[in-house]
Amino acid sequence: MNALVEVDNLNLHFPIDGGFFKEKLTLRALTDVSFSVEEDETLAIVGESGSGKTTLGYAISGLLSPTSGRIKFGAGLGGHSQESPVQLVFQDPFSALDPRMMVGDIVAEPLRLQGVSRAERLQQADDVLEQVGLPAESARRYPHEFSGGQRQRIAIARALIAKPKLIVADEPLSALDVSIQSQILNLLNKIKRDRTISYLFISHDLGVVHHLADRVIVLYLGRIMEIASRQDLFATPSHPYTQALLESVPRIGRGRRKPGQALKGEIPTPLSPPPGCVFHTRCPRAQEDCRHHVPELLPAPGRPEQLSACHFKD
Amino acid sequence: MSAIDTELAGIPSAPRQTIWQLRRKRFLRNKPAVIALAILVVLAALCVLAYPYSLLMGLDPNETNLLMRFRPPSAEHWLGTDSLGRDVLLRLMYGGQVSIAVGVLGTLLTALIGVLIGVWAGFLGGKVDAFLMRLTDVVIALPMTPVLIVLGAVDLSKLGLSQALASSPGVVFLRIVIIIALVDWTTIARITRAATIEVRQREYVKAATVSGARHLYNVLVHVLPNITTPITVAATLSVGRIILFESTLSFLGFGIVPPTPSWGNMLTNAQELVISAPALAVYPGLLIFLTVISVNFVGDGIRIAFDPRSEK
Amino acid sequence: MLRYTFFRLVQAAFVLLVMTFLLFMLIGMMPGDPVENMLEGNPALTPELARQMRELYGVGVPLPVRYWHWLTAAFQGDFGFSSLYFRPVLEILGPALLQTLKLMIATIVLSIPLSLLLGAIAALRPGGWMDTVISFFAFASISLPNFWLSLILIIVFAVQLGWLPASGTPLAENPSLGLQIYHSILPVTVLTMFFVGPLLRYVRASMIETMSSDYIRTARAKGLSETTVIVKHALRNALIPMVTVLALGFGMLFSGALVVETIFGILGMGKMIFDAIRYVDFNLALIGLLLATIVTLVSNLLADLAYAWLDPRITLK
């Protein structure tokens, strides 16, 4: 497999203006993040809110510039030219579509920005709308005439029209009704079958991730806790944080939780992340060492493909 | 495909009531606003009829006739004559044209400046925003009327205009419009900035940026069309204020200069005429009042009709 | 809070400095030069005297240079000489400012209870007939040209009825307080009419909001009388942010005072600025406008500080 995007030691910090006479604060959204997205794979990023998932998605799509580190685009991508190799699908299908534009123009916008003529791009928009399961006549309507699920289809159509190699989908299901979620999930799977495309699928819903992902990255306070294939991650989670996340998923017929496994407390503020291992404040296994030394992302014992950042990993 | 088919059933076959139909309905339900709008239409029609009226009656608004001073209303002069023997009604009509034109043009220019600054500050944010907002604070801190008077007193020939051009009616008119816009843009700038910041964060702007859109594209295609509502409301509400500014300036002698009539400068000398011809002091001010209060009621009606809290 | 105050003071001082420059440039662009104007009115002035006067007023020197001269002198407390009154401008300024402040304070003292009363009555039953009448009054207040209202009041009360004087300044050498008040009735009425509208709209809106809030419902549920609820709870709550509205209205009131003083012949700041500009008295116009700017700046500053004091979150921003 070829790497589509290589993220190398990415740091993304936001300076926070603390007022004229106050010291400047820094929000550490992402710290030392390295991974790659392979061609034709679905890479899921999971974590609680505030873990930096969305920031990571924005950085890869070029909306945010890294403070340090590199995002390298591989073969066939060649960086952010006007070809829009990366496209975004958002969580909220309501603010994702410009209410003053007709659906056809919304879907065709990436082509408009490439300079494609209006007739040509509207023709393509009709085709893509049909591919995502909407009638071509939708093109001449306004977004407010559509339901949430239909709008998400429109947003997906807009992402597809530019023939991207990578779609960053930022919680594309969480604002939808459960019955609609499965339809959109099926649509994403169908698109994946029809063309060579990679998804960076950002989610906090492990159920969905289990259904869709090839590989999974677990993010906590802007750092990668664990990277593993879906099978490894769900069968033999290595990092205590991953284990806690899996424990917290309600499943029927699973009995009571093992004591000491559930997450306690809240995620700390990224304005002052804890020293050492960022997870130590909530970790059931935390030792003195965890408070001082940042654990490296290293293979789990006996599973070279499964990387985990913990001093006491399984 | 069956799942998709059920989805399609949800697409409405005919467009629902558009937002504009809804707003019109809400505006029409607001009686004071509708009455005010009717009054404005009548007033505007009256002013437009100035030229036909002058032809019909064979009158000139600026021709003085000292033998005909302070005549009471008659068949030739429906509202009588003023201190220089000119027809009062005709001068009121022409004066109205000036006042309304200043109100409308002044509002357009005010909105133009306010929107440019507001969008610029709101879209770019950061240092540009901080600077422009401090500038706005400074202009707001100015005492309006005194500053307008100074601006009205500026000798345009010292700015390089020829004496004749500087005192021509067209330049005098434009100068009023410009100086009012120079001090009045702050409200619209603040409202535009707030609206821009809100729209800038919407995800459709991000989607366009990812596809390669530049700032100018986002501003023109996504931001401006989505902030027209607050701008329209703010602009309507500033029409009345601008008409009042113009009339005050003209009254004080720093606005529209005679012989060109304006509702404001028709009152300049009325101060000395309160004993001999009090009616001359009543008409122009009454028309200013009627126009401004109507504009304000219409503006308020538009504000309520556009209020997203009453939009469903 | 101290830091914030200090920061705002520095900011206001900077704004004032910028304003001196802008106003100086603008006033420098008024027509003619002051010596020319004096020569026209006084044939006794010899060319030699005219030359000396030109030097005295700095005519002919480029504007930015003149600004620098003015600024350095101003920092030593010398704001120049009035060509209109033949006196140092500072001597004219004091009494004029006092006159204007008297007018404005009388207006504010009348406007606050009036707007609270009307606003509260209107808010009792939003949409009721009392509300309709009061709201119409508020609209009229913001739509009335105040120079016209002055003329109408003069026509009715001074000319036709003869009840009140048309002039705002008593002729007597040392007028009694009663006489001063008698002469101020019309001007203060105009200013109050002009000022009460925006205030009352504000009170009404904030009362309606408070009346539907949870703690008012609680107060009612406790069985308190409607009067107690309105006066003790709703009105008091509406009062606090009114400080801000009042302070912001100060600049507006100053603008209104200019027109009223001009019509009623009151020698306040407004009329002084108006005359100085009309008769091209550079120094007087400049100091008058600066003082007007300071008044508005200070009231805006007080508004912000009052707001910050009442709402401590604002300093964190």
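The values are calculated or read from the model by the stated rules, or taken from the named source; none is laboratory data. Worth saying up front: this structure is predicted, and the values here are computed from it rather than measured. Every residue, glycine as well, gets a Cβ built from its backbone with ideal geometry; the counts of neighbours run over all protein chains shown.
Summary table
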quantity	calculated
Matching option when the condition is in the same structural domain as C:A106 (by TED's automatic domain parsing), surrounded by fewer than 21 Cβ atoms within 10 Å (Cβ to Cβ) and farther than 25 Å from C:M104 by Cα, among C:A234, C:A221	C:A221
Test result for B:G255, without any contact (Cβ under 8 Å) to a residue 60 or more places away in the chain, in a loop (DSSP other than H, G, I, E, B) and out of contact with any Cys (no Cβ under 8 Å at 6 or more places or on another chain)	no
Pairs, first within 11 Å of chain B (Cβ to nearest Cβ) and under 17 Å from C:A13 (Cβ atoms) in the stretch C:284-307, second charged (D, E, K, R) and assigned to a helix (DSSP H, G or I), C-beta under 8 Å, six or more apart	C:N300/B:D137; C:L301/C:R8; C:D304/C:R8
Qualifying position, being of a type outside the set (G, A, S), part of a helix (DSSP H, G or I), in contact (Cβ under 8 Å) with a residue 12 or more places away in the chain and in contact with a Ser or Thr (Cβ under 6 Å, 6 or more places away or on another chain), among C:V243, C:V229, C:V203	C:V203
Residue that is farther than 17 Å from B:S99 by Cβ, without any contact (Cβ under 8 Å) to a residue 60 or more places away in the chain and of a type in the set (S, T, N, Q), where the choices are B:N226, B:N218	B:N226
Residue, farthest from the other protein chains (Cβ to nearest Cβ), within the stretch B:260-312, restricted to residues that are at pLDDT 80 or above and assigned to a loop (DSSP other than H, G, I, E, B)	B:T260
Filter pass, C:G265 being of a type outside the set (A, V, I, L, M, F, W, C), in the same structural domain as C:W148 (by TED's automatic domain parsing) and in contact (Cβ under 8 Å) with a residue 60 or more places away in the chain	yes
Members of the stretch C:152-192 found to be of a type in the set (A, V, I, L, M, F, W, C), part of a helix (DSSP H, G or I) and in contact with a helix residue (DSSP H, G or I) (Cβ under 8 Å, 6 or more places away or on another chain), listed by number	C:I152, C:L153, C:I154, C:I155, C:F157, C:A158, C:V159, C:L186, C:V188, C:V190, C:L191
Answer from B:A101, B:A36, B:A111, B:A45 - the residue that is closer than 20 Å to B:I256 by Cβ and not acidic (D, E)	B:A101
Subset tally (residues that are touching a Pro at 6+ places or on another chain (Cβ under 9 Å), surrounded by 16 or more Cβ atoms within 10 Å (Cβ to Cβ), of a type in the set (V, I, T) and part of a loop (DSSP other than H, G, I, E, B)) for the stretch A:266-297	1
Residue that is nearest to A:E226 (Cα to Cα), among those in the stretch A:298-308 that are surrounded by 21 or more Cβ atoms within 10 Å (Cβ to Cβ) and in contact with a helix residue (DSSP H, G or I) (Cβ under 9 Å, 6 or more places away or on another chain)	A:S308
Condition broken by A:A175, with the remaining ones in (1) crowded, with 21+ Cβ neighbours inside 10 Å; (2) assigned to a loop (DSSP other than H, G, I, E, B); (3) in contact (Cβ under 8 Å) with a residue 40 or more places away in the chain satisfied	(1)
